[in-house]
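Just below is one structure, and these are the notes that go with it.
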Amino acid sequence: PVPTTVAFWGRTIGATYNFGILTAKAQFVNYKVAQSFDADIYSAGLDSYVTPQLDLNGGVYYTTDRNHTENHSIMGAVGATCNLSKRTAVYAQAGVGAAAIRGGQAVVLTNQNGAVLALTGTQNGLIVSADLSGLALGLK
């Protein structure tokens, strides 16, 4: 890490409630860097041991840019962990996400004679992705 004097704030609050074999989770996080990045992240999910060996989980994550409120993204993820023994587990995770991005852009070029060319406009975009992380074997 590079040392910096830029002020950073990180705030988080979360809650978990257990309904027997089902656990519900919710969280709010705000990350802010002075005169730069400012994002809110909302998340909610469920986790359930459907058997003593099999844990199923899923969650939804929504992010919004507080500097440019039209920029936001949403992601969902599901997973499963199968405990083969006290020290060995197999798990799989899959996720899908989308981001909607919109914002003003400006490019200013100046040559050695002081002539200025300014280009401005608006950028719109949509990103959709899916990921299957596969299977992994872990030893506890």
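Work out the FRET efficiency for residue 26 and residue 67 from their Cβ-Cβ distance, taking R0 = 25 Å, and round it to the nearest 0.05. Can you show the working numbers first?
On the way: r = 25 Å, r/R0 = 0.98.
The pair residue 26/residue 67 has a calculated efficiency of 0.55.
Per-residue HN-Hα couplings for the stretch 68-80, Karplus 6.51 cos²θ - 1.76 cosθ + 1.60 at θ = phi - 60°, whole Hz, x for Gly and Pro?
9, 5, 6, 8, 7, 8, 9, 9, x, 9, 10, x, 8
Tell me, what HN-Hα J-couplings in whole Hz come from the Karplus equation 6.51 cos²θ - 1.76 cosθ + 1.60 at θ = phi - 60° for each residue of the stretch 90-97, using x for Gly and Pro?
Per residue, the Karplus-derived 3J(HN,Hα) values read 10, 9, 9, 10, 9, x, 9, x Hz.
Counting only residues 5 or more places away or on other chains, whose amide H sits under 5 Å from the amide H of residue 71 once H atoms are built in the peptide plane?
Answer set, sorted by chain and number: 65, 102.
For the stretch 11-18, in order, what is each residue's ³J(HN,Hα) by Karplus, 6.51 cos²θ - 1.76 cosθ + 1.60 with θ = phi - 60°, in whole Hz (x at glycine and Pro)?
Per residue, the Karplus-derived 3J(HN,Hα) values read 10, 9, 9, x, 8, 9, 9, 9 Hz.
Quick check: from the Cα gyration tensor, does the stretch 1-57 come out rounded (a/c under 1.5), prolate or oblate?
Values: a/c = 4.38, a/b = 2.86, b/c = 1.53.
Prolate, because a/c is 1.5 or more and a/b exceeds b/c.
Quick one: how many Å² of residue 43 are accessible to a 1.4 Å probe, rounded to 10?
20 Å²
The values are calculated or read from the model by the stated rules, or taken from the named source; none is laboratory data. These figures come from a predicted structure and were not determined experimentally. Don't worry about glycine lacking a Cβ; one is built from the backbone with ideal geometry, like all the others, and counts go over all protein chains shown. SASA here: full protein model, heavy atoms, side chains in, ligands and nucleic acids out. Shrake-Rupley method; radii C 1.70, N 1.55, O 1.52, S 1.80 Å.
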